[in-house]
1. Sort out which residues of region 122-147 are within 21 Å of residue 234 (Cα to Cα), part of a helix (DSSP H, G or I) and without any contact (Cβ under 8 Å) to a residue 24 or more places away in the chain, and write them in order of number.
2. Counting only residues that are surrounded by 14 or more Cβ atoms within 10 Å (Cβ to Cβ) and free of Cβ contacts under 8 Å to residues at least 60 places away in the same chain, how many does region 20-33 have?
3. When both residues are 6+ apart or on different chains and their Cβ atoms are under 6 Å apart, which pairs have a first residue that lies in region 391-409 and is outside any helix (DSSP H, G or I), and a second that is charged (D, E, K, R)?
4. Anything in region 117-170 that is of a type in the set (D, E, K, R) and out of contact with any strand residue (DSSP E or B) (no Cβ under 7 Å at 6 or more places or on another chain)? List them, or say none.
5. So which of 383, 325 is among the polar types (S, T, N, Q), buried (at least 17 other Cβ atoms within 10 Å of the Cβ) and either on the phi > 0 side of the Ramachandran plot or not in a helix (DSSP H, G or I) (or both)?
6. Can you name the residue in region 204-238 that is at pLDDT 90 or above and assigned to a loop (DSSP other than H, G, I, E, B) and is also farthest from residue 256 (Cα to Cα) among such residues?
7. Being in a helix (DSSP H, G or I) and loosely packed, with under 14 Cβ neighbours inside 10 Å is the filter here; which residues of region 169-179 pass it?
8. Please enumerate the residues belonging to region 266-289 that are aliphatic (A, V, I, L, M), at pLDDT 90 or above and either in contact with a helix residue (DSSP H, G or I) (Cβ under 6 Å, 6 or more places away or on another chain) or surrounded by fewer than 21 Cβ atoms within 10 Å (Cβ to Cβ) (or both).
Amino acid sequence: MSTVHFLLAAWLLTFGFGLLLRSLNLRHLKRYGAIVPEGFEGAVNEGTLAKTSAYTLEGSRVGLVESILDGALLVIFLFGGLLPIYDQWIATLADSLITRGLLFFFVLFGVQLLISIPFSLYTTFRTEARYGFNTTTPKIWLTDLIKSTTLSCILMGLLLAGALALVQASPQTWWLWVWLFFAAVSFFLMYLSPYVIEPLFNKFEPVTQEGLADEITTLMGKAGLTVSKVQQVDASRRSKHSNAYFTGIGRVKRIVLYDTLIKQMSHQEILAVLAHEVGHWKLGHIRWRLIQTELFALAISFFSWWLISSAILPPLFGLSPAPESSFMAQLLLLSFLGALAGFPLTPLSSWLSRRHEWQADRFAVRLTGDPGALASALVKLASENLSNFHPHPLYAAWRYSHPPVVQRVDRLRESQGNHEQA
């Protein structure tokens, strides 16, 4: 078997396994989806579960069609002989490496964007609307598309131009300088995003519900954490889904609550959700993820340089080596190999993320002394967002970054029982 056939077979295997996981999850949902979880009888009814099953099934079908289309185009482009044709065409348009690089990736970005638009429209105005979530108007959707596309083009252009300039300036050590450049931009955006990027899409204002901001500030003080602002965002202009999050780092970090969340939950439940998020900060999860991400990025940058410099990458795909295969084409091949290499690491990454979620839950219980509030908040979040109460165990183990909500709530209620006995 040639390396080309081996790589194609490996990709088909990973893609097929993904389809198997999706199928197992949907079959599991059809079998158990109508069963109210033990202990949830007063919080979830059969009507909600039926609606959840239908919502999950429709979303999965749309995602399946999109993933099959994306996968087919990827295989045709990489293994059907289109990549060298495209690469040579781009080379005729410009002489500069930076200009060719920008053209190479911007055209691909444009094609990907055009493919994604029908799925976004269907999901927003059909699926989300059918299940009562969508509040987005066509005008808002189009404005968001224009803003996000413009912002993506600006950021991608700056990153590509800067990285390719470093490649030209330092052919033997560009892997280090490119990594440092990307890391610096990432941290800069963390500071910039709360004040420049996020307000482009949403309106932020101080929490208006009486007494809530003071209670949140008190909770943060109890945790030894200082935040610059406690704000609410007009998420209801686009969707009825609810959430809460931290944004920014250092002195610019702030708490943001969806206005939908404020309407759905009591103050104690909101405080419990925020205490969970505080747990991620206080337990070092955010810092650990940043360090892990940057170290992983450094390793990828080095191996990318090594593979490209050794000229062994194009022949693996049956292509001519450089200069016939451009630097940009080899980066595309690297991204394909990276996806294959990262596939078996997915369950480990998911497990580590779920471990952090369990730890943050325990921190929230210690901070608030009220496990019942977090349990009821999670039930509301799951039921209001039509989250799947019955994921297949293998699907959850492989793909869930958070523990299944039934398991989390069961553990919190057990903790509440122990707390009351004490």
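The values are calculated or read from the model by the stated rules, or taken from the named source; none is laboratory data. Everything quoted here is computed from the prediction, not taken from an experiment. Here the Cβ is made from the backbone with ideal geometry for all residues, glycine too, and neighbour counts use every protein chain on show.
1. Of everything in region 122-147, those that are within 21 Å of residue 234 (Cα to Cα), part of a helix (DSSP H, G or I) and without any contact (Cβ under 8 Å) to a residue 24 or more places away in the chain turn out to be 124, 125, 129, 138, 139, 141, 142, 143, 146.
2. Initially, region 20-33 is screened for residues surrounded by 14 or more Cβ atoms within 10 Å (Cβ to Cβ), giving 21-26, 28-29, 32-33.
With the extra rule that they be free of Cβ contacts under 8 Å to residues at least 60 places away in the same chain, the set shrinks to 23, 26.
Here the count works out to 2.
3. Once the first residue is outside any helix (DSSP H, G or I) and sits in region 391-409, its partners that are charged (D, E, K, R) give 402/357; 403/354; 403/357.
4. The first filter runs over region 117-170 and keeps only residues of a type in the set (D, E, K, R), leaving 126, 128, 130, 139, 144, 147.
Listed by number, the residues that qualify are 126, 130, 139, 144, 147.
5. Working: 383 fails: either on the phi > 0 side of the Ramachandran plot or not in a helix (DSSP H, G or I) (or both).
Every option except 325 fails the conditions.
6. Out of the qualifying residues, it is 238.
7. The first filter runs over region 169-179 and keeps only residues in a helix (DSSP H, G or I), leaving 169, 174-179.
Matches in region 169-179: 169 only.
8. Quick first cut of region 266-289, residues aliphatic (A, V, I, L, M) only: 270-275, 278, 283, 286.
Narrowing further to those that are at pLDDT 90 or above: 270-273, 275, 283.
271, 272, 273, 275, 283 - these are the residues of region 266-289 that are aliphatic (A, V, I, L, M), at pLDDT 90 or above and either in contact with a helix residue (DSSP H, G or I) (Cβ under 6 Å, 6 or more places away or on another chain) or surrounded by fewer than 21 Cβ atoms within 10 Å (Cβ to Cβ) (or both).
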